[in-house]
Amino acid sequence: MSTAGPIPRDRLPPAPGVGFKARHFAAIMDDPGPVEWLEIHAENYMGDGGRPLSQLSTLADRFPISVHGVGLSIGGEGPLDPGHLDRLSRLMGWLAPASFSEHLAWSTHEGAYFGDLLPLPYTQATLDRVAAHIDVVQDRLGRRMLLENPSSYLAFAESDRSETEFLTDLVARTGCGLLLDINNVFISATNLGLDPRAYIDAVPTGAVGEIHLAGHDEDHDDSGRPLLIDSHNRPVADPVWALYDHALARFGPVPTLIEWDTDVPDWPVLAAEAARAARALGQQAAA
Amino acid sequence: MTRTAPETPPFLGPLLDPASPEPNGLRAPDGGPAGRRYDVYRNNVTIGLMQALKSGFPVLAQVLDDRFADLARAFVRTHPPDSPILQRYGAALPGFLETWAPARGAPWLADLARLELALRESYHAADAPPLPPEVLANVPPDRLMTAHLQLAPSLRLVRSRWPVLSLWTDIRDGRAPTARAPGEAVLILRPDYDPAPHRLAPGGATLLLALSAGQPLGPAHAAAVAAAPQFDLSALLTQLLTGKGLTGLTFD
């Protein structure tokens, strides 16, 4: 997969990336293997200096970087935190990354941060609010952002439209792209009794700028029905790989990230997951 | 006109309160109540923030062992972060520890937490080019005491009535901690990217506080000697230069 010349760093290549962990820094710099780009959580690089920013700066000289926010609370009820937008804008300014993405979720309320991506009902009111928040972010950063579909464990009685209808409307209204998390699609579909392939088939082609793949845990709800948990602590499950093939057939080769955030493995294990994504992407490109 | 407080979203209320029932309006796929499904969010929030505290206070977690989870659970439910930047989370934990009943027998735990906070602040502090030692060495002796020394952004000072660095070191290295020795002042220097704590000789903390308050070296030295007659200025300056704790030198 490696290219002969310098890799353009202003866009993500349709190749595997991984979520960067500091413990993998030396291994990545030594031999990234199939990994052609890296993703970081914006909030982990909002300190003033030290090793995190130094490592990031070194990585950004060599790899396209995707900045993935977890703290903007785009789905939140209140206005976006101006201080946090400032910090994000500063990071995006010096790093000049290839991509920025955030979540269709909320994580803060009245200044308190909950450290999790919390769900929102899908209604006209929430659509208007999220669209307005995306406009603010895109105006402030001066670029198109990608919005990630959540993993859902429950549904809201007041929701009056599907998640894919909601996302399609957001794309049309704001011009944002989508970060399609295939593991989240599989989790939500399993947990809510939906067809994951039908979900993928309802996502607008051309809007998907990145794909996420990750592992999940299996649990059960009060009635004994399967309840999948988005844990990012193990290899990608086989049905998620199959769904990934289905998505690639629809969207073509898309930059694909392996996320592994808890019980982070040694580099070769993560690189092997990326190699599996590279094979799927290669088959798609050859088809 | 009375201003009503912003409404708390129904989803949020019970998130940090395990005794509260799940909010209304949440459904399982068969239309039934969400039940355990809501608990997934509740667990994610609490366990995620507890994990953030554990990585922020590794030595405190080590010494408290199983009781750290009790402390962290109680803290996150009453003190959720006020920022999405979790590297800053836990600034209120030392104060919380002082009121946490199970820690009453070990009052030094709060200062141990303060030391770990200071180490974390130092780790994320701004980079700044260090003062080359020859710059200080070349200052004529008669001008030295009028110099203002700038301390590195990553420099931190922690003063305790407990031997906090000895405790921290013992716990980290797996020895039984004893709180019997006299109190300690700790200087944190970050020569590259790894903050290192050093025990300060008597008078050292007084000098550093005077310097950081903007005093020239002369008055700062006088204050240190008044606090500790045996204070050794050149030893501390050497330590600061070696640990890249000085970033500038100016004169009035």
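The values are calculated or read from the model by the stated rules, or taken from the named source; none is laboratory data. From a predicted model like this one, the values you see are computed outputs, not experimental measurements. Cβ atoms come from the backbone with ideal geometry, glycine included; neighbour counts cover every protein chain shown. For accessibility, only protein heavy atoms count, side chains too; no ligands or nucleic acids. Shrake-Rupley method; radii C 1.70, N 1.55, O 1.52, S 1.80 Å.
Checked against (1) open to solvent by less than 20 Å² (accessible area, probe 1.4 Å); (2) more than 14 Å from chain B (Cβ to nearest Cβ); (3) acidic (Asp, Glu), A:Asp31 passes all but condition (1).
With respect to being within 22 Å of A:Leu227 (Cα to Cα) and open to solvent by less than 80 Å² (accessible area, probe 1.4 Å), B:Phe11 fits the description. Count, please, the residues in the stretch A:199-235 that happen to be open to solvent by 10 Å² or more (accessible area, probe 1.4 Å), under 25 Å from A:Asp116 (Cα atoms) and β-branched (Val, Ile, Thr). Summing the residues that are open to solvent by 10 Å² or more (accessible area, probe 1.4 Å), under 25 Å from A:Asp116 (Cα atoms) and β-branched (Val, Ile, Thr) in the stretch A:199-235 gives 2.
Answer yes or no: is there a residue in the stretch B:140-153 that is within 16 Å of the chain's Cα centre (by Cα) and not assigned by TED's automatic domain parsing to the domain that holds B:Arg73. Yes. Selection of the stretch B:215-246 for residues being farther than 21 Å from B:Asp142 by Cβ and open to solvent by 40 Å² or more (accessible area, probe 1.4 Å) yields B:Ala226, B:Ala227, B:Pro229, B:Gln230, B:Ala235, B:Gln239, B:Thr242, B:Lys244. When restricted to residues that are open to solvent by 10 Å² or more (accessible area, probe 1.4 Å), closer than 28 Å to B:Pro29 by Cβ and within 18 Å of the chain's Cα centre (by Cα), the stretch A:157-184 contains 4.
No other residue among B:Leu71, B:Leu53, B:Leu12, B:Leu16 is facing chain A (nearest Cβ under 10 Å) and either in contact (Cβ under 8 Å) with a residue 12 or more places away in the chain or touching a Cys at 6+ places or on another chain (Cβ under 9 Å) (or both) apart from B:Leu16. For the stretch A:194-215, what are the residues that are farther than 27 Å from A:Leu270 by Cα and over 18 Å from the mean Cα position of the chain (by Cα)? If the condition is that a residue be farther than 27 Å from A:Leu270 by Cα and over 18 Å from the mean Cα position of the chain (by Cα), then A:Leu194, A:Asp195, A:Ala198, A:Asp201, A:Ala202 are the ones that fit.
Screening A:Val185, A:Val171 for residues that are of a type outside the set (Asp, Glu) and touching a strand residue (DSSP E or B) at 6+ places or on another chain (Cβ under 9 Å) leaves exactly one candidate, A:Val171.
Taking the listed residues A:Ala60, A:Ala26, A:Ala15, the one that is closer than 26 Å to A:Leu147 by Cα and either in contact with a Cys (Cβ under 6 Å, 6 or more places away or on another chain) or without any contact (Cβ under 8 Å) to a residue 60 or more places away in the chain (or both) is A:Ala60, with no other qualifying. The single condition among (1) open to solvent by 20 Å² or more (accessible area, probe 1.4 Å); (2) within 19 Å of A:Pro32 (Cβ to Cβ); (3) in contact (Cβ under 8 Å) with a residue 24 or more places away in the chain that A:Arg51 does not satisfy is (2).
Would you say A:Ser2 is hydroxyl-bearing (Ser, Thr, Tyr) and modelled with pLDDT of 95 or more? For A:Ser2, the condition - hydroxyl-bearing (Ser, Thr, Tyr) and modelled with pLDDT of 95 or more - is not met. One residue alone among B:Ile85, B:Ile171 is open to solvent by less than 50 Å² (accessible area, probe 1.4 Å) and free of Cβ contacts under 8 Å to residues at least 12 places away in the same chain, and that residue is B:Ile85.
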